[in-house]
1. For residue 122, indicate whether it is exposed (fewer than 15 other Cβ atoms within 10 Å of the Cβ), modelled with pLDDT of 80 or more, under 14 Å from the mean Cα position of the chain (by Cα) and at positive phi.
2. Just wondering, is there one or more residues in region 37-53 that are modelled with pLDDT under 80, under 21 Å from residue 114 (Cβ atoms) and in a helix (DSSP H, G or I)?
3. Can you confirm whether region 168-177 contains a residue that is in contact with a strand residue (DSSP E or B) (Cβ under 6 Å, 6 or more places away or on another chain), modelled with pLDDT under 75 and buried (at least 18 other Cβ atoms within 10 Å of the Cβ)?
């Protein structure tokens, strides 16, 4: 009986993430969310129209299924949307010596209150009306980076992630960000 109940909850969760359920917040769903989800919020959104140019902060962003952010040059592939924890962003700003990635890494979504360092490939993130699937967590370090050469740990190696848009929709600054951990 327990296994059948878990299977039903997983099916309802999958339908809810796809937007196919009118009322996903049943008692079973709430219990599942409390056990397998974490909440945060979208702190900032940035679009990058051309590579190498500064980004444009925006209050809302339209994500296109299978492509990424509308108007962003990162569209397509496995790195459609880039995520960074707000805590890591503050850490980067506080550093006196800047790492090489501080100028190279461009996050589309700055997320407050979610443990991006705990993400696994395949985890689902629902923000606003969109659903993202984490395709890669972390960023590799460059040998020429002053932090790397001194052995100083860089938060980008564990607090940055890339995602694919599973379901398109609009995300706004202040929207809740709900992280569903994968079952593996």
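1. On the way: exposed (fewer than 15 other Cβ atoms within 10 Å of the Cβ): yes; modelled with pLDDT of 80 or more: yes; under 14 Å from the mean Cα position of the chain (by Cα): yes; at positive phi: yes.
In short, yes.
2. The answer is no, given that none of the residues of region 37-53 is modelled with pLDDT under 80, under 21 Å from residue 114 (Cβ atoms) and in a helix (DSSP H, G or I).
3. no
The values are calculated or read from the model by the stated rules, or taken from the named source; none is laboratory data. Keep in mind that what you see is a predicted model, and the values were worked out from it rather than measured. All Cβ positions, glycine included, derive from the backbone under ideal geometry; neighbour counts span all protein chains shown.
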